[in-house]
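Trainee: Pasting in a structure now, in C-alpha cells, and then I'll have a few things to ask.
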Amino acid sequence: MKRTLPAGPVLRLLLFALLGVFVLQSCASVPSATSATTRSSLTTESSAMTRPALPAESHIVIFHSNDVHGKIDNFAKVAAIIDAERKSGADVFFFSAGDNFTGDPVIDRYDPPGEPMIELLERLRVDVVSVGNHEFDYGLERVRKLAARLPVVSANIEPLPGAFPELRPWVVLKTKGGIKLVVFGVIQIEPGNGLPSTHPDKVKGLRFSEPLAKALELKKLRAEGQVFVGLTHIGYDQDHILAKQMPELDLIIGGHSHTRVDPAEIVNGVLVAQAGGDNQFLGRIDLRLEDGRIVEKKGRLIDLSKVSDEDAAFKALIAKFHDNPAMARVIAKAPVEITGKNALGSLMTDAICKGYGLDIAFQNNGGIRLNRLPQAISLHDVYTLDPFGNQVVQIDMTPDEIRSLIRNSCEKRHEIDLQVSGMSYTVREDAAQQIQDIELLRPDGSPLPENRNYKVGMSSYIASSYRFAHKDAGRSLGITTAEALIRYLESGPDLSPYRDVRRAHYQKVTGSSRD
Amino acid sequence: MQIKVNGQTIEIFAGARVKDVLRKYSLAEWTLVRKKEKKVGDQYGHEVGLDGELNGGEELVIKACAPAESRS
C-alpha cells in the first residue's frame, strides 16, 4: 500500500532542507556584515552538481597597476595595450591594487577631486580596484563615489552601519569559458593607531582589522573558484609574509611599497606581483589552465616609457583633464601681496600650526619657491609656492631639542633658514661664527617655558634632512604642507599680519644683524 | 619606526617614505640616488620607488646603477 504523507509535514521538511542548504552555503562563502553587498553570486554558483564543464585549455591575461597617484599620462598607452589584448580574443582583466588618488595637484584639485582618475579607470573597464590608504585622502564620500562606479574591494575595512555600503570584501569574476576568479582586497594599517596612512579625520566611521589575519580568514574562498587572488595594498614585504602563510592563493597582486617586481616572484607557490608606482609600469600576468587547473603562471612588467602606441581618444581626454580650470580658482584674498621668505614662511607655518592643533611649526626657506603671493591667491599659486608634496610631520620636542634643530639649520650658511609659527627666536653668533645662544620666545615676547614638551610640526623634508636631537621619532599627519596651506587659506584667516612679519632673527655678537 | 638601510638601523617618523629614509640615512647617498647614479632596492632585491611607503622593520639596500641605467 502506497503511503502518502500529509501535506503539512512534507512542506515543513522541504522548508527545513532549503533553509539548511542556504545556511551551509552562506557560512561557506560569505563573511560578515557586508555580505549583502558582494558582487559575487557564490551561494548559487558553488554547487559542484550544477557546475558546467570547464574548458580543456584557458589563457587568462591580468593587467595590473598600483600606486598611480594621479599620474594619468600613461593611461593612453595602457588603453592601447589592453585594447589590443582584448581584440586578440584572450580572457583579459585589469586590476588596480590601490592608491589611484593623490600625488598630482591637477587631479587632486579637480572638481570633484580625483574625477579624472575615476573616469579613466571606468573607460579602461577596470574589473576590480583594491582600496589604498590614499584613496581616503579626499574623504570617505569620494571613495564611496569610486565604489559606486567601480567594483571596489577590501575585506579588512569594517564600516559602521551605513558608512560605506558600496564596499565589497571580494568579487567573483568569470571568463567567457566559465573559469571563476575570486578576488579579495586588504589595506595596510599603521601599528600605532590601527588606521591606514591618511589623516584620521578621513576615515571616521570606518574600522579596520589587521590585514594578514583578515586574509587568512578568507582561505575558504579557495573552493569558490579556479583562480584565487589577493589584491592587496599592504606593501611587498607583507605580501611576502602573506604568501608564506596562505599557499591557498594563486596570485598576490600588491601595492603600497612601489616595488618593481619583474619578473613576478613565486613565493611558497604563490605568484607575487607589483608594478612599481606612478604609472611608469603596467603589470601583466599570464595564466594557463587545463580543465580549470592552473598549469602555468608568470608575470612581468611592461615599461611604459618604451611603449609608443597610444589610444587617441584617451590621449585627448587626458589633455582635457590636464587643463583643469579649478587650479585658477581663487581661494583667498589678501589686503596686499605677501612678499619675502619671512612673510610667506610665517603664513605656511601658521597653516600647519593652527590647522592641526600644534604648538610650533617650522618651514625651511628652500621649500618656499615663490617670492610673492598675489592678493588673489589661487590653488595654482599655492602649488607653485610649495610644489614638493612634502608631508606634515609632528614631533614632540623639548625646548633644547628645538634649539638643536635651529642650530643645525643655521650651521651651513650662518643665516636664518627656518621660518616659524607659535614662537619667535633669535640666534646669536660670535665673531668666530660659533653660535653662542638661541633664545626662544612665545608670541607675546615672554620666554618659552623650558619645562615642557611642545607639539612641533614640520615638513617631512626637514624631519628627514636636518640633523637634530629628538627622542620622539614623530609621525606623519597624512597631509601635505600644501594641503595644510590650502585648508588654512580657505578657512578665511586675517591675512593683514603677513604684510610685515619677522619671527626669526640672526645676530652677530658685535651687534650687527643679518635677518 | 625603524628601517634598516645597508644594514644600519634608522629611526624615523611613522609614515616615512623611501626618500625620507634615504635622506635620514645619508644626504650624500640621497644625492647620488637623485642623480640616478645609485638606486634603492628592498631586502628581496627588487627596486623600489622613492615615494614607496614603508612598514616598520623593512630593509633597504642602496646600490650603484649599471652604466646604462645611469645614463637613462
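Trainee: For segment A:221-323, which trypsin sites (Lys or Arg not before Pro) are both in a DSSP coil and crowded by at most 14 other Cβ atoms within 10 Å?
Mentor: Sites meeting the loop and neighbour criteria: none at all.
Trainee: Give the distance, in whole Å, between the Cα centre of segment A:226-283 and the Cα centre of segment B:35-72.
Mentor: 18
Trainee: For a label point 7 angstrom out from the Cα of residue A:496 toward its Cβ, which stretches of segment A:326-359 have the backbone nitrogen within less than 15 Å?
Mentor: Counting backbone N atoms under 15 Å from the label point, the list is A:333-337.
Trainee: Another question about this same structure. Could you list the GluC sites (Glu not before Pro) in segment A:319-412 that lie in coil according to DSSP, counting only those with at most 12 other Cβ atoms within 10 Å of their Cβ? Don't skip to the answer; put the middle values down first.
Mentor: Values: sites: A:337, A:401, A:411; in loops: A:337.
Here no GluC sites (Glu not before Pro) fit, given the DSSP loop and packing criteria.
Trainee: While we're on this one: Helix A:75-87 versus the longest principal axis of chain A: what angle, 0 to 90°, nearest 10, using Cα atoms?
Mentor: 10
Trainee: Once you place label points 7 Å from the Cα toward the Cβ at residue A:413 and residue A:245, how far apart are they in nm?
Mentor: With each label placed 7 Å out from Cα toward Cβ, I get 4.9 nm.
Trainee: Under the definition of Cα pairs under 8 Å and six or more residues apart, what whole-number percent is the relative contact order of chain A? Could the numbers behind the result be given before it?
Mentor: Numbers: 1110 pairs, mean separation 71.9, N = 515.
Dividing the mean separation by the residue count of chain A yields 14 percent.
Trainee: When A:410, B:65, A:353 are ordered from fewest to most other Cβ atoms inside 10 Å of their Cβ, what list results? Walk me through the numbers on the way to the answer.
Mentor: Details: A:410 20, B:65 17, A:353 23.
Ordered from fewest to most neighbouring Cβ atoms within 10 Å, A:410, B:65, A:353 come out as B:65, A:410, A:353.
Trainee: Further question on the same structure: Identify the GluC sites (Glu not before Pro) of segment A:412-480 meeting these criteria: DSSP loop state and at most 15 other C-beta atoms within 10 Å of the C-beta. Could you put the intermediate results ahead of the total?
Mentor: On the way: sites: A:415, A:429, A:439, A:450; in loops: A:415, A:450.
Taking segment A:412-480 and a limit of 15 other Cβ atoms within 10 Å, the loop GluC sites (Glu not before Pro) found are A:415, A:450.
Trainee: Relative to the longest principal axis of chain A, what angle (0 to 90°, nearest 10) does the C-alpha long axis of helix A:481-490 take?
Mentor: 80
Trainee: Between the helical axis of A:236-245 and the dominant principal axis of chain A, each derived from Cα atoms, what acute angle in degrees is found, rounded to the nearest 10?
Mentor: Tilt relative to chain A: about 30 degrees.
Trainee: Rounded to the nearest 0.05, what FRET efficiency is calculated for residue A:266 and residue A:83 with R0 set to 41 Å and r the Cβ-Cβ distance?
Mentor: Working from the Cβ atoms, E equals 0.90.
Trainee: If you don't mind, another one. Helix-only mean residue ellipticity at 222 nm, chain A, DSSP H runs n ≥ 4 weighted -39,500 (n - 2.57), per residue, nearest 500. What is it?
Mentor: Calculated mean residue ellipticity at 222 nm is -8000 deg cm²/dmol.
Trainee: For segment A:341-361 and segment A:100-148, write down the distance between their C-alpha centroids in whole Å.
Mentor: Between the Cα centres of segment A:341-361 and segment A:100-148 lies a distance of 29 Å.
Trainee: Let me ask another. Based only on other Cβ atoms within 10 Å, what is the fewest-to-most ordering of B:60, B:32, A:373?
Mentor: If I rank by nearby Cβ atoms, fewest first, I get B:32, B:60, A:373.
Trainee: Moving on. What relative contact order, as a whole-number percentage, does segment A:34-322 give when Cα pairs under 8 Å and 6 or more residues apart are counted?
Mentor: About 24 percent, as a whole number.
Trainee: Please work out the FRET efficiency for the pair residue A:322 and residue A:204, using the Cβ-Cβ distance as r and a Förster radius of 45 Å; give the result to the nearest 0.05.
Mentor: 0.90
Trainee: Which entries of B:4/B:38; A:71/A:320; B:24/B:63; A:244/A:306; A:244/B:38; A:87/A:180 have Cα-Cα distances beyond 25 Å here?
Mentor: Working: B:4/B:38 17 Å; A:71/A:320 14 Å; B:24/B:63 17 Å; A:244/A:306 34 Å; A:244/B:38 31 Å; A:87/A:180 21 Å.
Beyond 25 Å between Cα atoms: A:244/A:306; A:244/B:38.
Trainee: Next up: When only Cα pairs under 8 Å and 6 or more residues apart are kept, what is the percent relative contact order across chain B?
Mentor: About 39 percent, as a whole number.
Trainee: Follow-up. State, to one decimal in nm, how far the label point of residue A:376 lies from the label point of residue A:219, with both points 7 Å from Cα in the Cβ direction.
Mentor: 6.4
Every number in this text was worked out from the coordinates using simple rules, so none of it is lab data. This structure is a prediction, so every number in the text was calculated from the model and none was measured. Quick reminder, even Gly has a Cβ in these numbers, built from the backbone with ideal geometry, and neighbours come from all protein chains shown.
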